[in-house]
Structure formats: structure tokens, C-alpha cells
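Undergrad: Please read through the structure below; I'll follow up with questions.
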Amino acid sequence: MPLNTPDPAAQQNPPANAPKLLFVITEDWFFCSHFLPMTRAAVAAGYHVGVAARFDKHREQIEALGISCFDLSFERGRLNPFGATTLIWRIFRLYRDLRPDLVHHISLKPVILGSLAARLARVPAMVNAITGFGFLFTAKDPKLNWLRRVVGLALNMTVGAPSSFVLLENQDDRQVLLDRRITSAERITVVGGAGVDPDNYPAMPLPYRAGKPVQIALIARMLWSKGIDLAVAAVAKARSNGCNVMLTLYGAPDPLNPAAISEAQLREWSTEHGTNWAGKTDTVVAAWQQADIALLPSRGGEGLPRSLIEAAACGRPIITTDVPGCREIVRHGETGLIVKPDDVDALARAIETLACDEVKRTAMAAASRAHFETRFTEQAVTSAVIKLYRQALSWALSTNRIDTVRLP
């Protein structure tokens, strides 16, 4: 079975001995919203490229690039041992049929289950991209302790496998893997998320308010772990202190996520003066254009929040929390403010500080865009990823896991 059958109008025709790269990810929308630039870079570098995911509305968009799509459904929510074993078997069969030279697993579930399948199928090399440790490692529920231990052991068997090369989004996650001796420093590449195109997210002047409320935008999935409740409470507190601010929440509920906020709760918050839930937006740039301040009081589990990278690209000062990922995007006091997680009072003070100081907001807005350009652009990220692919394939060639392949 061929890994892909390129459309000559959409994709270069790589030579027959070009390496075969397969992305493995949970959802097609996640792939399209974050990883299309990475895919285009791999195609341009001369890889045969395919994508395995659960496909809903974006198959045609991906196939238009000349990329083959393979159905692979990762069940949402918690996975029982039987379900995990079944899914590993299905991934193993896919790898056995496609015979990729390199697989790129994206997010924790594909990393663990896909890597176990890759080892069974003797896939020559793999890139394991952990986009944050998510709800499992941020939830305080002691009932999850056993699952955290199991996942820790699984990371040793997967991320720590000889054929594994690791792609991370923040230095905290890198240190976790090194402290636990799961892998070595030379096998880890840290990038600025999935990268953002500066042309698609241009720097924009802050709105002129003339006595109107300062607009705060929070763009994220509507999860408790994102600190949505903290944002609502902090804005209410700032307003009670005489600060003229308004909060708009952009994002949809995610009922299959254990940390989901119900639509009823979001609508209840919208009845409170000072908060508006606008639902999901497909015009992120327009949302940032209307905002004076970007806010994300995350409780943790982030890789590198894309919404904050986009806010920085658009030149918006940012208020966020001192948790992995978030604190890498913001330079405290220069591009925004960082506060302790789960501290409504500190968050309210930060909101008041920026809302009441237009000069400070303006200076931070310019610095935010400049900081974005140092690390978080598409070009910076895709260049680092292509370099990591080459490192992984060079290792596979040197250990005779691949007989012959053309290194792009």
C-alpha cells in the first residue's frame, strides 16, 4: 500500500527512495489548525507524507495537498486496558501495511500507543511530539495517581525507546524527561509550538477606547484547566475596584474532555456584567484586533498555548500564569504580566495594572510582537523539525534499520 499518491499540482513528486513520513494525530481539525505548515515543509523537503487520524470535516483539505489520509480513531476520554490494546493492534497493522521510514506521533495518547505499535512493527525511527502533559498531570484527583504511574512507565518504554527522538514545546517538559532519565538531551528538540505565520497574524495597533471599557480576550477551549473561572472572577473583582474592563471568552465547550466547562455554566457567566461568552471563533485575528489585552490564567498542562503565540504575533500584551509553556511566551514586565496560578486576587491586580495604564499596554504590545519574532514563527519551527527528521533518519541508517533511503 503506497504511503501517498501525490497530486502533481499540489505536491512535488519525490524520488522513489525518498523517506516515507507518517503523521499520527488524534483529530483532523487539530492537524489542520496546527500542523499544516510542518507538513508543507516536509513535502517541500522531499518526503512522501501521509496522515493517520480520525477524519471528520478536513480530509479534502489535507488531500488537496497531495497527502494520503488513513482512518485511525483515537477514542476521546479515558482509555481502558482493552481499548488501549485494541488500538495498539490497529496502529501496528497500519504501520505493517504502510511501512513508513519515520512516524511523527503528536500528543500524549498517540505518542504512547503509537510508539508501542511502532516498536512491535519495527518502524525504523519515530519523532514523539508531546504538546504538554495535559489534564492527567494537572488534575489533583488522587484517583488518577495510578494512571499517572502507568503513563510514567509507558513514557520510559516509548519516549525512551532507542528509535525515539523527542519534540517538545517548553523547557519544563524537557527537564521532566531529563530528570526522570527517560531520554537524553541530544535527542530532544524544543520548538516554539507549531509556529505561527507572521503574515497571517500581523502586528496591529491597540484599539482607541476614548473612555470605553478596556477589552480583554481569552481564546481557548472552554476547560476548567484553562482557568476560565479564574478569569471571570478576576474581571469581576477588578470591576468592583472601579476598573473599566470587559472580558470576552472565545471557545467551544468540549464535553468529552474531563475538564470541560458546561455550556450552561458559560451562559450563566455571560449573564454577569463584565463577561461575554462569544462561542467559537473562526476569525482569531479579528478577535485580537478588538482586544487590548490577552488573558490565559491556565492551571497547567500546557505545551505552548497557541492562542498566546497568536496574541503576541498580533502585538497584544499578555496576562498569564506561572506554569510551564505559558511563562515561556511572556517576559514578565516586558511583554506582559505573569501571576501565580489559582490566585484570583493577583490576577485582578494584573488586570488593573494594564487596564489603567495605556502607555504600559502600548509598550508591552510592541515588545510582545518582537519577542514572537525571535522564536515562534512558522519558519523557525519548521526548520527545527526538518532538522530533527534528518537526525532521526541518519540514526536509522547508521544502525541499519533502513537499508537505503535518500536523506532530504
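The values are calculated or read from the model by the stated rules, or taken from the named source; none is laboratory data. Computed from a predicted structure; not experimentally measured. All Cβ positions, glycine included, derive from the backbone under ideal geometry; neighbour counts span all protein chains shown.
Undergrad: Given the structure, is Leu266 part of a helix (DSSP H, G or I) and of a type in the set (A, V, I, L, M)?
TA: Judged against the criteria, Leu266 is a match.
Undergrad: Continuing with the same structure: Out of (1) part of a helix (DSSP H, G or I); (2) buried (at least 22 other Cβ atoms within 10 Å of the Cβ); (3) not acidic (Asp, Glu), what's the single condition that is false for Ile319?
TA: It fails just one condition, (1).
Undergrad: I'd like to verify a number: residues in the range 286-313 that are under 18 Å from the mean Cα position of the chain (by Cα) and within 19 Å of Glu373 (Cβ to Cβ), how many?
TA: So the count comes out to 11.
Undergrad: Given the condition in the same structural domain as Val344 (by TED's automatic domain parsing), at pLDDT 95 or above, surrounded by fewer than 22 Cβ atoms within 10 Å (Cβ to Cβ) and not aliphatic (A, V, I, L, M), answer yes or no: does some residue in the range 285-296 qualify?
TA: Looking for residues that are in the same structural domain as Val344 (by TED's automatic domain parsing), at pLDDT 95 or above, surrounded by fewer than 22 Cβ atoms within 10 Å (Cβ to Cβ) and not aliphatic (A, V, I, L, M), one finds at least one in the range 285-296, hence yes.
Undergrad: Within the range 69-84, is there a residue that is charged (D, E, K, R), modelled with pLDDT of 95 or more and either touching an Asp or Glu at 6+ places or on another chain (Cβ under 8 Å) or assigned to a helix (DSSP H, G or I) (or both)?
TA: Checked the range 69-84: no residue is charged (D, E, K, R), modelled with pLDDT of 95 or more and either touching an Asp or Glu at 6+ places or on another chain (Cβ under 8 Å) or assigned to a helix (DSSP H, G or I) (or both).
Undergrad: Let me ask something additional. Being part of a loop (DSSP other than H, G, I, E, B) and among the small types (Gly, Ala, Ser) is the filter; apply it to the range 178-214 and report the residue that is nearest to Pro305 (Cα to Cα).
TA: Gly193
Undergrad: Name the residue that is farthest from Lys237 (Cα to Cα), counting only residues in the range 334-360 that are over 26 Å from the mean Cα position of the chain (by Cα) and in a loop (DSSP other than H, G, I, E, B).
TA: Asp357
Undergrad: Mind telling me which of the residues Tyr201, Tyr208 ends up being of a type in the set (Ser, Thr, Tyr), outside the structural domain of Ser33 (by TED's automatic domain parsing) and free of Cβ contacts under 8 Å to residues at least 24 places away in the same chain?
TA: Checking each option against the conditions leaves just Tyr208.
Undergrad: What do you reckon, is Val214 farther than 26 Å from Pro324 by Cα and surrounded by 17 or more Cβ atoms within 10 Å (Cβ to Cβ)?
TA: Judged against the criteria, Val214 is a match.
Undergrad: With respect to Pro408, is the statement that it is within 20 Å of Lys226 (Cα to Cα), at pLDDT below 95 and not in a strand (DSSP E or B) true?
TA: So Pro408 fails the test.
Undergrad: Looking at the structure I just gave you, is Asp7 farther than 21 Å from Ile130 by Cβ, among the acidic types (Asp, Glu) and modelled with pLDDT of 90 or more?
TA: no
Undergrad: If Ala118 satisfies every condition in (1) over 25 Å from Leu155 (Cβ atoms); (2) at pLDDT 95 or above; (3) small (Gly, Ala, Ser) but one, which is the exception?
TA: Failing condition for Ala118: (1).
Undergrad: Pick from the range 267-282 the residues that are closer than 13 Å to Thr248 by Cβ and under 23 Å from the mean Cα position of the chain (by Cα): which of them is surrounded by the fewest Cβ atoms within 10 Å (Cβ to Cβ)?
TA: In this case the residue turns out to be Lys280.
Undergrad: Go through (1) free of Cβ contacts under 8 Å to residues at least 40 places away in the same chain; (2) over 22 Å from Leu108 (Cβ atoms); (3) β-branched (Val, Ile, Thr) one by one and return the number of the condition Val323 breaks.
TA: The single condition Val323 does not satisfy is (2).
Listed here are the residues, each with its yes/no results for (1) assigned to a helix (DSSP H, G or I); (2) surrounded by fewer than 19 Cβ atoms within 10 Å (Cβ to Cβ).
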{"residue": "Gly66", "(1), (2)": "no, no"}
{"residue": "Leu87", "(1), (2)": "yes, no"}
{"residue": "Arg90", "(1), (2)": "yes, yes"}
{"residue": "Arg93", "(1), (2)": "yes, yes"}
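Undergrad: Now a separate question. Out of the range 333-382, which residues are among the polar types (S, T, N, Q), surrounded by 21 or more Cβ atoms within 10 Å (Cβ to Cβ) and free of Cβ contacts under 8 Å to residues at least 40 places away in the same chain?
TA: Thr335
Undergrad: Of all residues in the range 159-177, count the ones that are within 19 Å of Gly301 (Cβ to Cβ) and not in a loop (DSSP other than H, G, I, E, B).
TA: 10
Undergrad: Okay, moving on. Quick check: anything in the range 258-274 in contact (Cβ under 8 Å) with a residue 60 or more places away in the chain, basic (Lys, Arg) and within 17 Å of Asp229 (Cα to Cα)?
TA: no
Undergrad: Further question on the same structure: Name the residues in the range 96-110 that are of a type in the set (A, V, I, L, M) and either closer than 15 Å to Met38 by Cβ or at pLDDT 95 or above (or both), would you?
TA: Once the filter is applied, which keeps residues that are of a type in the set (A, V, I, L, M) and either closer than 15 Å to Met38 by Cβ or at pLDDT 95 or above (or both), the range 96-110 yields Leu98, Leu102, Val103, Ile106.
Rundown of residues vs (1) among the charged types (D, E, K, R); (2) over 20 Å from the mean Cα position of the chain (by Cα); (3) at positive phi; (4) buried (at least 17 other Cβ atoms within 10 Å of the Cβ), yes/no style:
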site	(1), (2), (3), (4)
Asp172	yes, no, no, yes
Val191	no, no, no, yes
Leu230	no, yes, no, yes
Val235	no, yes, no, yes
Val245	no, yes, no, yes
Leu249	no, no, no, yes
Gln265	no, yes, no, yes
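Undergrad: Do we have Ser225 as polar (S, T, N, Q), within 20 Å of Met364 (Cα to Cα), buried (at least 16 other Cβ atoms within 10 Å of the Cβ) and assigned by TED's automatic domain parsing to the domain that holds Arg369 here?
TA: Here the answer is no, as Ser225 does not meet what is asked.
Undergrad: Kindly evaluate Leu223 against the criterion of being among the aliphatic types (A, V, I, L, M), under 30 Å from Asn156 (Cβ atoms) and touching an Asp or Glu at 6+ places or on another chain (Cβ under 8 Å).
TA: yes
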